[in-house]
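One structure is given below, encoded as structure tokens.
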Amino acid sequence: MVKVVAGVLVVLIVSVTPALSQLTWCWRFAGSGVSAAGSFTTGNDADQAGFHRIIAINGTANAAAVTALQPNDTAIPGNAGFPVDNLIRPTAPQLTKHGFGFAAADGSYHNPFHLEQYLDYVSRPPYADGKGAEPPIQFKASVAAPGAACSRE
């Protein structure tokens, strides 16, 4: 009986541990002709500079659903040579010069980043390199309270 109870406890601990090692963040940004908001998931552990790696994203960008996170070390279509790192931290500046990238259901791709100010490189079909808009944005992200929902507007 003790072995069965111990085995059940091990299974419960192992199955709960991954959820405890992740953080949910609420994020939003807005600028001329662009607005986006939602949530993303990061690992719990920060690097030496305080950055957490974004591993999942959801939300909306200009009313279109966010459909995918751009893989680390790759550039969004139309922004060749500028790979994203998908890093975020709670203190300013919250993004690196590489920022994070995502696709939206309207066919656009976004790459918010920080380079002296927050900017969002927006690429739309036909995704010509260097031809996207890059408006300055106001960016904010914070770790969500457990069980709290993030606004997607």
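Using R0 = 22 Å, the C-beta based FRET efficiency linking SER142 and ALA46 works out to 0.95. Between (1) 1.50; (2) 1.09; (3) 1.19, which matches Cα Rg over 2.2 N^0.38 Å calculated for the structure shown? Among (1) 1.50; (2) 1.09; (3) 1.19, the one derived from this structure is (3). Within the listed set PRO90, PRO125, PRO135, the Gaussian network model of the chain (springs between alpha-carbon atoms below 10 Å) gives the highest mean-square fluctuation for PRO125.
Quick note: the coordinates plus some simple rules give every number you see, no bench work behind them. Since the model is a prediction, treat every value here as computed from it, not as a measurement. Don't worry about glycine lacking a Cβ; one is built from the backbone with ideal geometry, like all the others, and counts go over all protein chains shown.
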